[in-house]
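Worksheet: the structure to be examined is printed underneath.
The values are calculated or read from the model by the stated rules, or taken from the named source; none is laboratory data. Just so we're clear, the structure is a prediction, and the values are computed from it rather than from any experiment. Here Cβ is always computed from backbone atoms with ideal geometry, including for glycine, and neighbour counts include all displayed protein chains.
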There are 2 protein chains.
Amino acid sequence: MTQATSHTGAVKAHQPAEPDVGEAPEAPSTRERILNVALDLFTEKGFDGASLREVAERLGVTKAAIYYHFASKDDILMALHMRLHEFGKDALSQMTEGPVTLERWGKLLDEILGQMLAQRKLFLLHERNQAALEKLHREVHDAEHEDIQDKFHRVLADPRVLVRDRVRMAGSFGAVFAALFMSGDAFEGTSNQELGDLVRQTVRDILV
Amino acid sequence: MTQATSHTGAVKAHQPAEPDVGEAPEAPSTRERILNVALDLFTEKGFDGASLREVAERLGVTKAAIYYHFASKDDILMALHMRLHEFGKDALSQMTEGPVTLERWGKLLDEILGQMLAQRKLFLLHERNQAALEKLHREVHDAEHEDIQDKFHRVLADPRVLVRDRVRMAGSFGAVFAALFMSGDAFEGTSNQELGDLVRQTVRDILV
DNA sequence: GTCTATATTTCGATAGAC
DNA sequence: GTCTATCGAAATATAGAC
């Protein structure tokens, strides 16, 4: 086997020789180019609907080349999952203990909104491939690897918080989510700045 | 070929001999039992992740038996899609013309909320199999068969309505959706009545 | 690192007996 | 209406040359 095992994505195993010091926005490595194409394709056609042959073709290489960089198709999905996890871990650590009040939730959501705007594609991938991701999650069960969605559900199920407030917490998240990911291209002509502001105002009206 | 072609579901082709007059809640036909199992399985594991072998096994029959009732796996998905469409067509016809104001949207969403509570499973199936459904939709392109999601997007893209209001329309829908479908079993202990009321109040705060 | 094969598996779908 | 048996296609994954 080759080095095609780590799905961290953050810690590049031992790629060619990318100078760590360079400041130029160096061309993405093949590994990253694979991930970028996979991200698009898995989102467009779904994880199961998109074949590695298609990924390879759109990239101009062969399937075998992909298998040099990744151990399996699942490994590619996992690497993309970890990409999102990188961004989410800050906000995640904040809901680690104590009941989450409406106010805390509001601040949290504000952070998440920013990340969602910046990482739209990754969130969309997750929304549209929940089944595949759950299966993957079941198979590895990464021990202490606490998932974003898990924590989200746990907060919403916390009996120390009024149901009324928890429904509003869920609702405010849904409001953000729908505006960004369930509206097709209805707000394509709206800038991220304006869209973000409008959504934030909506959230405030929910959480008071 | 057998009668396994119609994916209307509403108009049963020519099943055994179910007396149309009977008042007893007669046992579901095999066709419907297949649909029910498929609904569960397609939602749990995704349309692509669930095989017909699994559907057959859980039902206690063989694959071939399924093919007597349905022309293809896609046909089963289409039949489930039509089930939802049946419920949605009333609300659908209401957003057929003229700009949708916040007030109209509020009334519309109120109806939809009721249907969502009653048809939870069907909505969840659609949420988790968007890719497969889009592919199916592309292949048949049922002419005038206007899809729910299409109309939803069109309303949100209507330039005659303020962006601010459209974001709130999208957001209010998302609030409903998240409370019912993205919260895991956080509100499992809450009755549909109470949950519905709490959600309605949240929606009102968004739409003012 | 990328290529040309090819192995392996799984699934959707069909034929034909009962 | 349901069964057994099988076909054909497509996809993941591997072996080994360059």
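Could you please give the count of residues in segment A:162-187 that are in contact with a helix residue (DSSP H, G or I) (Cβ under 8 Å, 6 or more places away or on another chain) and assigned to a loop (DSSP other than H, G, I, E, B)?
Within segment A:162-187, the first condition is being in contact with a helix residue (DSSP H, G or I) (Cβ under 8 Å, 6 or more places away or on another chain), and the residues that meet it are A:163-187.
Right, trim to assigned to a loop (DSSP other than H, G, I, E, B) and you get A:182-187.
Within segment A:162-187, residues that are in contact with a helix residue (DSSP H, G or I) (Cβ under 8 Å, 6 or more places away or on another chain) and assigned to a loop (DSSP other than H, G, I, E, B) number 6.
What are the pairs with Cβ atoms under 8 angstrom where one residue, in segment B:27-54, is within 12 Å of B:LYS73 (Cα to Cα) and the other, located anywhere, is among the β-branched types (Val, Ile, Thr)? Sequence gap at least six, or different chains.
Close Cβ pairs satisfying both conditions: B:ILE34/B:VAL55; B:ILE34/B:ILE66; B:ILE34/B:ILE76; B:LEU35/B:ILE76; B:ALA38/B:VAL55; B:ALA38/B:ILE76; B:LEU52/B:ILE66.
Kindly indicate the residue of segment A:67-103 that is under 19 Å from A:ASP142 (Cβ atoms) and within 16 Å of DNA strand C (Cβ to nearest atom) and also surrounded by the fewest Cβ atoms within 10 Å (Cβ to Cβ) among those meeting that condition.
Going through the qualifying residues, I end up with A:SER72.
Confirm whether B:ALA157 is among the hydrophobic types (A, V, I, L, M, F, W, C) and crowded, with 17+ Cβ neighbours inside 10 Å. Show your work before the answer.
Working: among the hydrophobic types (A, V, I, L, M, F, W, C): yes; crowded, with 17+ Cβ neighbours inside 10 Å: no.
The answer is no for B:ALA157.
Would you pick out the residues in segment B:188-208 that are outside any helix (DSSP H, G or I) and more than 7 Å from every other protein chain (Cβ to nearest Cβ)? Working first, answer last.
Quick first cut of segment B:188-208, residues outside any helix (DSSP H, G or I) only: B:188-191, B:208.
If the condition is that a residue be outside any helix (DSSP H, G or I) and more than 7 Å from every other protein chain (Cβ to nearest Cβ), then B:GLU188, B:GLY189, B:SER191, B:VAL208 are the ones that fit.
Restrict the check to segment A:35-50 and report whether at least one residue is near DNA strand C (Cβ under 9 Å from one of its atoms) and either exposed (fewer than 13 other Cβ atoms within 10 Å of the Cβ) or at pLDDT 95 or above (or both).
We begin by selecting, within segment A:35-50, every residue near DNA strand C (Cβ under 9 Å from one of its atoms); these are none.
No - not one qualifying residue is present in segment A:35-50.
Residue check, A:ARG58 against (1) touching a residue at least 24 places away in the same chain (Cβ under 8 Å); (2) within 13 Å of DNA strand C (Cβ to nearest atom), all met but one. Which one?
(1)
Regarding B:PHE173, is this residue within 28 Å of B:PHE187 (Cα to Cα) and either at pLDDT 95 or above or small (Gly, Ala, Ser) (or both)? Before you say what the answer is, go through the steps one by one.
Details: within 28 Å of B:PHE187 (Cα to Cα): yes; either at pLDDT 95 or above or small (Gly, Ala, Ser) (or both): yes.
Spelling it out, B:PHE173 is indeed within 28 Å of B:PHE187 (Cα to Cα) and either at pLDDT 95 or above or small (Gly, Ala, Ser) (or both).
In the set B:ARG164, B:ARG128, B:ARG168, which member is within 14 Å of the chain's Cα centre (by Cα), facing chain A (nearest Cβ under 8 Å) and modelled with pLDDT of 95 or more?
Values: B:ARG164 fails: within 14 Å of the chain's Cα centre (by Cα); B:ARG168 fails: within 14 Å of the chain's Cα centre (by Cα).
Only one candidate passes the filter, namely B:ARG128.
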